[in-house]
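Every number here is computed from the coordinates shown, using simple stated rules; none is lab data. What you see is a predicted model, and the numbers here were worked out from it, not measured in a lab. Backbone-built Cβ (ideal geometry, glycine too); neighbour counts: all protein chains shown.
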Amino acid sequence: MSSVADGRIHDTGDPMHDHEQPFNRREFCALSLAAGATLAMSGARAAALGSITEHYPDPRVKALDPRFGALVIGNTPLIRISADNLWAEGTAWNSAGNFLVWSDIPADAQRRWLAEDGHVSTYRKPSGKSNGNTFDRECRQVSCQHYYRRVVRYELDGSETVLADAYNGKRLSAPNDVVVHPGDGSIWFTDPGYGLNWYEGQPGQAELAEAVYRIDADSGRITMLTDECDKPNGLCFSPDYSKLYVADSGTPHDIKVWDIDGERLRNGKRFTSMELKGVGTGSADGIRADMQGNIWAGAGWVGDGYDGVHVFSPQGERIGMILLPEICANLCFGGAHGDRLFMAASQSVYALYVRAQGAHIA
């Protein structure tokens, strides 16, 4: 390695540099400017907040079926509201506080965006390398923690309650996404085991098969609902809470649906495939239903023309897409009227007004 001092490059033990080299002020200034430009370029992306839409209607909002036209707005921009995440996940809207919360898993932090002024701050750190988040009927936050392999609830006094960390005496692997049923307050979550590594959790061995679970609100009893998915990931209810949808980000890359029968699931089947003919087959991650029963799915791992949000009719037909420059890991509806779509997409979080309203609590 070399060091700069007194206008010369001095040898520091690197065998490639065994003599001093002339280094005048002009060269030094030129190199300094070049280095500054390189740093500015590397930081430009992180600073690029605001609209990424150049022309209305935004061509990234792509209709594949006329039905999608009723769900989108032609004169609204796609806005990047955060751009300094390592891996953004777990978006959830807090109606009482008028803010969005999400997880930056590798950073071991939760972030918060305030609707009134767009301010972004660290909401919770450490976060147990949380992934999915939601809010219950009492506006208490529920989070899936990869690091501690558990589901927790943050009480209104700031304390933390462990809701689930084991099933039948065996540790959960890495709870991923979570939703709350408003009728009985039960908490439903997936555990595909993605967090058994230092980047998104901590190394460990899976003791249970990948599965979907339910926590009873009154007794705290944990029930395994299904282990039919290869990698159960995002999940959501239908608007009337009669069905449960689960994104399977493993083989065969699809979204499945079951009828809800009390505390059990029945009649499981494929809702839709994540194959986009002529483009590729990626994975669905976080999913949400709107009030009309359409399913909005974060999608990625293919590239341009695929990554972003895929929207499916209640019959499972892909009717539209919101193409993003990054992989979309999760999403939720929020805002004053529940008609703003928030998308956690790799290093960024995006927002877009739509003509649909979310069907869930958060």
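Between E263 and R355, what FRET efficiency comes out of the Förster formula 1/(1 + (r/R0)^6) with R0 = 25 Å and r the beta carbon distance, rounded to 0.05? Before the final figure, lay out the partial values.
Values: r = 35 Å, r/R0 = 1.41.
Rounded to the nearest 0.05, the efficiency is 0.10.
So what is the calculated 222 nm ellipticity per residue for the chain, using -39500 (n - 2.57) for each DSSP H run with n of 4 or more, over all residues, to the nearest 500 deg cm²/dmol?
On the way: 1 runs with 23 residues, N = 362.
Theoretical 222 nm ellipticity from helices: -2000 deg cm²/dmol.
Can you grab the distance from the C-alpha centre of region 225-261 to the C-alpha centre of region 86-116, Å, no decimals?
24 Å
Restricting to Cα pairs below 8 Å that are 6+ residues apart, what does the relative contact order work out to for the chain? Please round to a whole percent. If you can, show how the numbers build up before the last one.
Numbers: 983 pairs, mean separation 52.2, N = 362.
Dividing the mean separation by the residue count of the chain yields 14 percent.
Between V279 and R137, what FRET efficiency follows from the Cβ-Cβ distance if R0 is 51 Å, with the result rounded to 0.05? All intermediate terms of the calculation are to be shown ahead of the outcome.
On the way: r = 40 Å, r/R0 = 0.79.
Working from the Cβ atoms, E equals 0.80.
What is the distance in Å between the Cα centres of region 337-354 and region 171-217?
Taking the Cα centre of each part, region 337-354 and region 171-217 sit 24 Å apart.
Measure nothing but the geometry: give the 0 to 90° angle between the long axis through the Cα atoms of 25-47 and the longest principal axis through the Cα atoms of the chain, rounded to 10°.
10 degrees
Starting from 0 in steps of 10 Å, tell me what percent of the Cα-Cα pairs of region 54-353 lands in each bin.
Each 10 Å bin holds this share of Cα pairs: 6, 31, 38, 21, 4, 0.
Which order do L71, L331, L86 fall in if you start with the one that has the fewest other Cβ atoms within 10 Å? Write down the numbers at each step before the final one.
On the way: L71 19, L331 28, L86 14.
Listed from fewest to most nearby Cβ atoms, that is L86, L71, L331.
Under 17 Å from a point 7 Å along the Cα-to-Cβ line of A166: which residues of region 125-155 have their amide N that close?
148-152
Which order do the peptides 234-246, 258-270 come out in when sorted by mean C-beta neighbours inside 10 angstrom, highest first?
Result, highest mean Cβ count within 10 Å first: 234-246, 258-270.
Which order results if H310, H55, H337, H181 are arranged by neighbouring Cβ count within 10 Å, fewest first? It would help to have the intermediate numbers written out before the result.
On the way: H310 27, H55 7, H337 10, H181 19.
Fewest to most other Cβ atoms nearby, the residues stand as H55, H337, H181, H310.
Where the only charges are on Cβ atoms (+1 Lys, Arg; -1 Asp, Glu), what is the dipole of the chain about its Cα centre, to the nearest 20 debye?
Details: 34 positive and 46 negative charges, 114 e Å.
With only Lys, Arg, Asp and Glu charged at Cβ, the dipole is about 540 debye.
Connecting C-alpha atoms closer than 10 Å in a GNM of the chain, tell me which of G132, G335, G183 has the biggest fluctuation.
Highest fluctuation of the listed residues: G183.
For G282, what residues show an amide H to amide H distance below 5 Å, using hydrogens built from the backbone and excluding near sequence neighbours?
L276
Under a plain spin-label model, where a point goes 7 Å from the Cα along Cα-to-Cβ, how far apart in nm are S219 and E155?
Label-label distance for S219 and E155, simple model: 2.3 nm.
Would you count, across region 54-353, every pair of lysines whose alpha carbons are under 30 angstrom apart, provided the pair is eight or more residues apart or spans two chains?
Within region 54-353, the lysine pair count is 25.
With a 10 Å Cβ neighbour count serving as the proxy for reagent exposure, in which order, fewest first, do V349, V178 appear? Don't jump to the answer; show the numbers that get you there.
Values: V349 27, V178 30.
Going from sparsest to densest Cβ surroundings: V349, V178.
Over all directions, what mean area does the Cα convex hull of region 252-362 project, stated in square nanometres? Before the final figure, lay out each step's value.
Details: hull surface 29.7 nm².
It is 7.4 nm².
Mean-square fluctuation check for the chain, GNM, Cα pairs under 10 Å: which of Q202, Q145, Q110 is largest?
It is Q202.
Beta carbons within 10 angstrom, averaged per residue: use that to sort the peptides 218-227, 279-288, 148-157, highest first. Each step should come with its number before you reach the end.
Numbers: 218-227: 14.2, 279-288: 21.7, 148-157: 17.6.
Result, highest mean Cβ count within 10 Å first: 279-288, 148-157, 218-227.
If you take the Cα Rg of region 137-284 and divide it by 2.2 N^0.38 Å, with N the number of residues, what do you get? Walk me through the intermediate numbers first.
Numbers: Rg = 15.4 Å, N = 148, 2.2 N^0.38 = 14.7 Å.
So the Cα radius of gyration is 1.05 times the expected 2.2 N^0.38 Å.
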